[in-house]
Amino acid sequence: MLLKEKGSLQWLQFKNLQSHHNLVHGFTTRNGGASNPPFSSLNMGMYTKDDEANVEENYRRILTALEVEDRPRFMTQQVHSDRIFSVDANTEKADRTVVRETDGLVTNTADSVLITYYADCVPLFFYDPVQHAGGVVHSGWKGTSKQIGMRMVEKMQALYGSNPQDILAGIGPCAGMCCYEIGQDVIAAFEWLENLEDFLKPTREGHFKIDLKGINRHILMNAGIAEENLEVSELCTMCESELLYSYRRERPGNGLMAGIFALK
């Protein structure tokens, strides 16, 4: 991924997406915002205990930098599901729309901006340059176990006629295998994965570190996305305390990063 800067404001972009000039995307960092500690400083979480005016200023800064500040926003109220909401020409658009109980947004229209939220879970970005459609997905361990990334590819096929071989995808910063320890309850949710042991590292009795990026990469390639069209960030949210928020590291006062996607 590429680190982009405008003054103190910092955000990340995927190399395989940033060259497409009719696409706007970004993954926010914690730097360059207006929020005070413990949310310092680019907190994108509207429903955290942060000052609402500061959060709105954070939106203004990043959306202005991405040149989509005047567009209606579609923002997820995430529940660790595999539900994906499509924004099309017939969708009613307000200045801000919170899409309830959904963990992904997809569109083929150039009149809105899609926003999802993260603080250790896996961001998944998708873009089909042939059909000019795409979106962004929040995939925590529950969403990953439900294969929400595959659901996104299936949705793009059904709605837009996308060929999976044409889709570009990015797996963003999340809690990495270096840090993310889980127990048997999480393991049980991945029993469908035949080679699960390839994505686990034993730690203490009954606990493992899990590679959610690797599992999502496996899911997306099984969905038909070509390996050369798939970019995986090396950044771990739990390691990068100066750059990224982490729920596991900072709770309960953590801020949130945002995945931002829009078409031109």
Go through segment 226-252 and give me each residue that's more than 30 Å from MET44 (Cα to Cα) and either part of a loop (DSSP other than H, G, I, E, B) or touching an Asp or Glu at 6+ places or on another chain (Cβ under 6 Å) (or both). ALA226
Within segment 12-51, take every residue that is modelled with pLDDT of 95 or more, closer than 24 Å to GLY135 by Cα and aromatic (Phe, Trp, Tyr) and give me the one that is nearest to the chain's Cα centre (by Cα). PHE27
Scan segment 180-217 for residues that are among the aliphatic types (A, V, I, L, M), outside any helix (DSSP H, G or I) and under 24 Å from PHE27 (Cβ atoms) and jot them down. ILE182, ILE210
When you look at VAL24, is it of a type in the set (Val, Ile, Thr) and not in a helix (DSSP H, G or I), yes or no? yes
What pairs come up if the first residue lies in segment 120-136 and is modelled with pLDDT of 95 or more, the second is of a type in the set (Val, Ile, Thr) and open to solvent by 10 Å² or more (accessible area, probe 1.4 Å), and their beta carbons are under 8 Å apart, counting only those six or more places apart or on different chains? GLY135/ILE84
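Rundown of residues vs (1) more than 28 Å from GLY143 (Cβ to Cβ); (2) free of Cβ contacts under 8 Å to residues at least 60 places away in the same chain, yes/no style:
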{"position": "THR48", "(1), (2)": "no, no"}
{"position": "VAL55", "(1), (2)": "no, yes"}
{"position": "TYR59", "(1), (2)": "no, yes"}
{"position": "GLU69", "(1), (2)": "yes, yes"}
{"position": "ILE84", "(1), (2)": "no, no"}
If I filter segment 28-47 for residues that are farther than 24 Å from ASP120 by Cβ, open to solvent by 10 Å² or more (accessible area, probe 1.4 Å), part of a loop (DSSP other than H, G, I, E, B) and in contact with a strand residue (DSSP E or B) (Cβ under 7 Å, 6 or more places away or on another chain), do I get at least one hit? no
Are any of the residues in segment 194-213 open to solvent by less than 30 Å² (accessible area, probe 1.4 Å) and under 30 Å from ALA34 (Cβ atoms)? no
Considering only residues that are open to solvent by less than 40 Å² (accessible area, probe 1.4 Å), modelled with pLDDT of 95 or more and closer than 19 Å to SER139 by Cα, which ones fall in segment 236-261? CYS236, THR237, LEU244, TYR245, SER246, GLY255, MET257, ALA258, GLY259, ILE260, PHE261
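The values are calculated or read from the model by the stated rules, or taken from the named source; none is laboratory data. Note that this is a predicted model, so its numbers are computed, not measured. Quick reminder, even Gly has a Cβ in these numbers, built from the backbone with ideal geometry, and neighbours come from all protein chains shown. Side chains are part of the model used for accessible areas, which takes the heavy atoms of the whole protein and leaves out ligands, DNA and RNA. Shrake-Rupley method; radii C 1.70, N 1.55, O 1.52, S 1.80 Å.
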